[in-house]
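Visitor: Dropping the structure in here first, questions after.
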Amino acid sequence: MIIALNNKSNLGKEDFYVYQERIGDIEKNSQIILCPTLLNINLFDLENVSLGAQNVSTQDPGAYTGEVSAKDLKASEVSYCIVGHSERRTYQRETLEEVHDKVKKLFEYDITPILCIGETKEEREQGLVGQVLKEEIETATYDLTEEQKSRLIIAYEPIWSIGTGIIPTLEQIDEVLRFIKTFLPNTTLLYGGSANEKNIDMLKQSPLIEGYLLGGLSLKPEELQIFINKLENK
Ligand code: PGA
């Protein structure tokens with residue numbers, strides 16, 4: 001199983017030093033991918049954990065004020081990068097085209113994209129889940145090679161579930177993951193959205209979930225250890 005930790009815009013330098021020690025102490029068989037803030041990336045110092053970023057520039061290094069390139073992420077030993085998170089699509093108005101360009105740029109520098117897709121509450125109520133996800137998948141992946149598609153990681157994150165404590169039913173999740181597999185049969189699939197130590201017993205019943213993208217829980221190492229113990233039947 002993959003457990004990707006999305007710190008979002010949390011943990012200043014001093015807090016991060018304490019935090020990463022606690023993450024380093026976690027007992028697990030799963031692969032943990034820690035995605036700290038950009039400033040914390042160069043403070044990362046764990047051997048049994050993979051390093052991810054939360055965003056990347058669409059461009060190579062150059063006159064792009066405030067951006068960080070895939071080339072520089074690679075030089076900082078970043079192996080994974082979250083792309084198309086709904087918070088960026090909403091607050092930074094990231095477009096489908098930009099998400100596509102970021103995925104391409106990451107592959108150019110041998111960084112594995114964790115592509116986030118998901119529908120809003122209104123889209124689900126209007127029966128638009130398939131249409132929304134199809135567009136997000138197709139625009140981001142249409143010109144990837146089969147090899148790239150099989151290396152890609154998709155995180156299905158229903159937007160109405162992120163940070164709300166509300167999660168879909170297992171049937172709803174599996175229906176969506178099966179749908180994603182019709183486009184990307186060999187892509188690794190994560191679930192994200194309020195996954196925690198209380199609902200993992202339910203979530204782990206899914207035969208299709210291959211890992212989790214955790215926001216809130218990523219900031220609570222003790223609860224995260226409980227989550228992992230339950231996931232791994234310990
Ligand atoms: P959450 O966030 O676990 O706090 O719902 C998940 C995410 O935004 O990736």
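The values are calculated or read from the model by the stated rules, or taken from the named source; none is laboratory data. Everything numeric here is computed off the predicted structure, so don't read it as measured data. Every residue, glycine as well, gets a Cβ built from its backbone with ideal geometry; the counts of neighbours run over all protein chains shown. What goes into the accessible areas is simple: the full protein's heavy atoms, side chains included, and nothing from ligands, DNA or RNA. Shrake-Rupley method; radii C 1.70, N 1.55, O 1.52, S 1.80 Å.
Visitor: Exactly one of these conditions fails for Ile26: (1) within 17 Å of the chain's Cα centre (by Cα); (2) crowded, with 17+ Cβ neighbours inside 10 Å; (3) not basic (Lys, Arg). Give me its number.
Guide: Here Ile26 meets the rest and fails (1).
Visitor: Taking the conditions exactly as written (in a loop (DSSP other than H, G, I, E, B), charged (D, E, K, R) and more than 16 Å from Ser57 (Cα to Cα)), does Glu94 satisfy them or not?
Guide: no
Visitor: Here's a follow-up. Is there a residue being closer than 20 Å to Thr187 by Cα and of a type in the set (Lys, Arg) anywhere in the stretch 62-78?
Guide: no
Visitor: With (1) more than 16 Å from the ligand (Cβ to nearest atom); (2) among the polar types (S, T, N, Q); (3) open to solvent by less than 20 Å² (accessible area, probe 1.4 Å) as the list, and Thr65 as the residue in question, which single condition is left unmet?
Guide: It is condition (3) that Thr65 fails.
Visitor: Can you name the residue in the stretch 185-195 that is within 17 Å of Leu213 (Cβ to Cβ) and touching a Ser or Thr at 6+ places or on another chain (Cβ under 7 Å) and is also farthest from the ligand (Cβ to nearest atom) among such residues? Steps first, answer last, please.
Guide: Applying the first criterion (within 17 Å of Leu213 (Cβ to Cβ)) to the stretch 185-195 yields 187-195.
Of the ones still in play, those that are also touching a Ser or Thr at 6+ places or on another chain (Cβ under 7 Å) are 187, 193-194.
Working: Thr187: 18, Gly193: 5, Ser194: 4 Å.
Here the answer is Thr187.
A quick yes/no check of all residues on (1) of a type in the set (S, T, N, Q); (2) more than 22 Å from Ile3 (Cα to Cα); (3) away from the ligand (no atom under 16 Å from the Cβ); (4) modelled with pLDDT of 95 or more:
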position: Tyr80; (1), (2), (3), (4): no, no, no, yes
position: Glu94; (1), (2), (3), (4): no, yes, no, yes
position: Glu98; (1), (2), (3), (4): no, yes, yes, yes
position: Ile117; (1), (2), (3), (4): no, no, no, yes
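Visitor: Check Ile209, Ile226, Ile173, Ile154 and return the single one that is surrounded by 19 or more Cβ atoms within 10 Å (Cβ to Cβ) and assigned to a helix (DSSP H, G or I).
Guide: Ile173
Visitor: Further question: What pairs come out if I take residues in the stretch 108-122 that are in a strand (DSSP E or B) and among the aliphatic types (A, V, I, L, M) and pair them with residues that are open to solvent by 10 Å² or more (accessible area, probe 1.4 Å) and more than 14 Å from the ligand (Cβ to nearest atom) whose C-beta lies under 6 Å away, six or more apart or interchain?
Guide: The qualifying pairs are Ile117/Glu136.
Visitor: So how many residues does the stretch 211-225 have that are over 14 Å from Cys116 (Cβ atoms) and either under 12 Å from the mean Cα position of the chain (by Cα) or within 12 Å of the ligand (Cβ to nearest atom) (or both)? Write out each step before concluding.
Guide: To start, the set of residues in the stretch 211-225 that are over 14 Å from Cys116 (Cβ atoms) comprises 216-225.
Restricting the remaining residues to those that are either under 12 Å from the mean Cα position of the chain (by Cα) or within 12 Å of the ligand (Cβ to nearest atom) (or both) gives 216-220, 223-224.
So the answer is 7.
Visitor: Filter the stretch 130-142 for residues that are open to solvent by 50 Å² or more (accessible area, probe 1.4 Å) and free of Cβ contacts under 8 Å to residues at least 40 places away in the same chain; which is nearest to Pro113 (Cα to Cα)? Even if it seems obvious, please write down each step before you answer.
Guide: Step one: filter the stretch 130-142 for residues open to solvent by 50 Å² or more (accessible area, probe 1.4 Å), giving 131, 134-135, 138, 142.
Filter once more, so that each one left must be free of Cβ contacts under 8 Å to residues at least 40 places away in the same chain: 131, 135.
Numbers: Gln131: 22, Glu135: 18 Å.
Here the answer is Glu135.
Visitor: Is it the case that the stretch 39-55 has a residue that's surrounded by 13 or more Cβ atoms within 10 Å (Cβ to Cβ), part of a helix (DSSP H, G or I) and touching a residue at least 40 places away in the same chain (Cβ under 8 Å)?
Guide: No.
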